[in-house]
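So the structure is just underneath, and the comments pick up after that.
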Amino acid sequence: RALCFGTELGGTPAGAAAAAAAVEGVPVGAIDWRRDSPLCAGLDLAELRVDRAFPTTVPPGEPFLFGEIGGEPVPLAVLVQGANASSLHFGFRLADSNLPLLPAFPQLLRRAFVGSHGAAALPQVLTSAPPAGEQDLRRRGELAADRPLPDFGTAPVRLGPWLMLAGALLLALRLLVR
């Protein structure tokens, strides 16, 4: 299980050009994402900006985020599924993007965490039964039938005459204070 931003898990890129690109990064144009991916479904990444990317650090896997580099769409983020674990690899550093500032970032991390840990990531409630006279709101199916609610509000109060009187008193007070 791993979450990588602009880094590789072991190994180095081959060749001088790849090594230079891995150090300096390459500029990224338009960003797009797979809206049907379990990680990105329902997330808005339209405001995502990536200044520099390191596409050589992205291993083979299921791409879900793409960037335009040299006029071609290049995977910027992939999900690598293993037999016992999965990992998420981004081809850019967090410092080179505004991803941590987007509202979708925590949800993306949560989905990656749940996806890599499976059922072990689900919350477990370890509380005792509620005190006598109270009810556990999480157990909706076992609650008694709904009871009628009391009427809300009271009879309307006419405030107009009172506000007019208060205004007249304030005007009189103003005349006296001068």
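Figures for the structure shown
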item	result
Likely footprinting exposure, T57, T7, fewest C-beta neighbours within 10 Å first	T7, T57
Radius 15 Å from Cβ of G67, net charge of other residues (Lys, Arg +1; Asp, Glu -1)	-2
Contour minus Cα-Cα distance for L163 and L175 (0.36 nm per residue)	2.5 nm
Residues E134, E8 arranged by fewest to most Cβ contacts within 10 Å	E134, E8
Ascending count of other beta-carbon atoms within 10 Å, so fewest first, for H117, H89	H117, H89
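No lab work stands behind these numbers, since they all come straight from the coordinates. Quantities reported herein were computed from a predicted structural model and do not represent experimental measurements. A quick note on method: Cβ atoms are made from the backbone with ideal geometry, for glycine too, and the neighbour counts reach across all protein chains shown.
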